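The values are calculated or read from the model by the stated rules, or taken from the named source; none is laboratory data. Fair warning: this is a prediction, and the values are worked out from it, not measured in the lab. Here the Cβ is made from the backbone with ideal geometry for all residues, glycine too, and neighbour counts use every protein chain on show. Ligands, DNA and RNA are stripped out before the accessible areas are found, and what is left, the full protein with its side chains, is counted by its heavy atoms. Shrake-Rupley method; radii C 1.70, N 1.55, O 1.52, S 1.80 Å.
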Amino acid sequence: MQLPTPDEIKQKRVELSLTQSDLAKRAGVSQPLIARIESGDVDPRLSTLRKIIEVFEDAEKEDVLVVNIMNTDVISVSPEEHVDAAVQIMGKYHISQIPVISNGVPVGSISEEMVVRSLADKKKAMVSQMMIKEMMGDSFPTVSPNADIKVISHILEKNPAVLVLEKGQVVGVVTKHDVMQMLNG
């Protein structure tokens with residue numbers, strides 16, 4: 001049996017979306033020790049390596065659920081608002097698309113691309129005063145809070161965001177950025 005190198009330990013930890021603190025807590029050691037092991041500053045005891053490997057094996061069996069990574073503060077607009085309101089929100093929050101929600105139910109989406117495309121055909125004043133419902137595109141795909149991250153990843157390959165619905169109401173949103181943030185351990 002070959003023991004893992006410091007780089008392999010770090011790579012496996014990142015692959016499993018564990019922070020150094022998460023790994024340390026679950027293995028019953030300190031976070032600085034994990035950092036030193038990963039940097040190659042210290043040779044861990046065999047018992048410590050065993051604990052780390054057990055944590056990795058347990059983590060591999062766990063599914064990452066949407067509920068654990070979704071944003072519950074969903075920034076949205078109403079179909080009855082003017083396009084100008086959507087543009088202001090996109091600018092304020094530095095986002096490029098927004099779900100259009102009516103009474104908690106997704107009815108469409110609006111994006112910077114849609115606004116820019118409209119500006120090519122119409123005057124600025126006309127576009128900013130248009131109702132969102134006149135410009136919006138299809139709604140983002142939806143999943144339940146208990147959907148697996150693998151499902152979300154495939155959906156996000158073709159869509160900018162996924163809405164999380166519970167009992168027909170929007171309770172969260174997941175973007176490509178949220179999935180990528182899992183790697184920042």
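Per-structure values
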read-out: The listed residue being without any contact (Cβ under 8 Å) to a residue 12 or more places away in the chain and of a type in the set (Lys, Arg), out of 51, 12, 25; value: 25
read-out: Residue check for residue 79: over 25 Å from residue 180 (Cβ atoms) and in contact with a strand residue (DSSP E or B) (Cβ under 8 Å, 6 or more places away or on another chain); value: yes
read-out: Test: residue 170 is open to solvent by less than 20 Å² (accessible area, probe 1.4 Å) and either basic (Lys, Arg) or modelled with pLDDT of 90 or more (or both); value: no
read-out: Count of residues meeting criterion [surrounded by fewer than 18 Cβ atoms within 10 Å (Cβ to Cβ) and either assigned to a loop (DSSP other than H, G, I, E, B) or aliphatic (A, V, I, L, M) (or both)] in the stretch 1-13; value: 5
read-out: Boolean, residue 99 is under 28 Å from residue 16 (Cβ atoms) and either in contact (Cβ under 8 Å) with a residue 24 or more places away in the chain or within 22 Å of the chain's Cα centre (by Cα) (or both); value: no
read-out: Selection from the stretch 146-183 of residues that are closer than 20 Å to residue 95 by Cα and either in a helix (DSSP H, G or I) or without any contact (Cβ under 8 Å) to a residue 12 or more places away in the chain (or both); value: 152, 153, 155, 156, 157, 158, 176, 177, 178, 179, 180, 181
read-out: Residue 80 vs. criteria of a type in the set (Asp, Glu), out of contact with any Asp or Glu (no Cβ under 7 Å at 6 or more places or on another chain) and part of a helix (DSSP H, G or I); value: no
read-out: Subset tally (residues that are open to solvent by 60 Å² or more (accessible area, probe 1.4 Å) and aliphatic (A, V, I, L, M)) for the stretch 14-65; value: 1
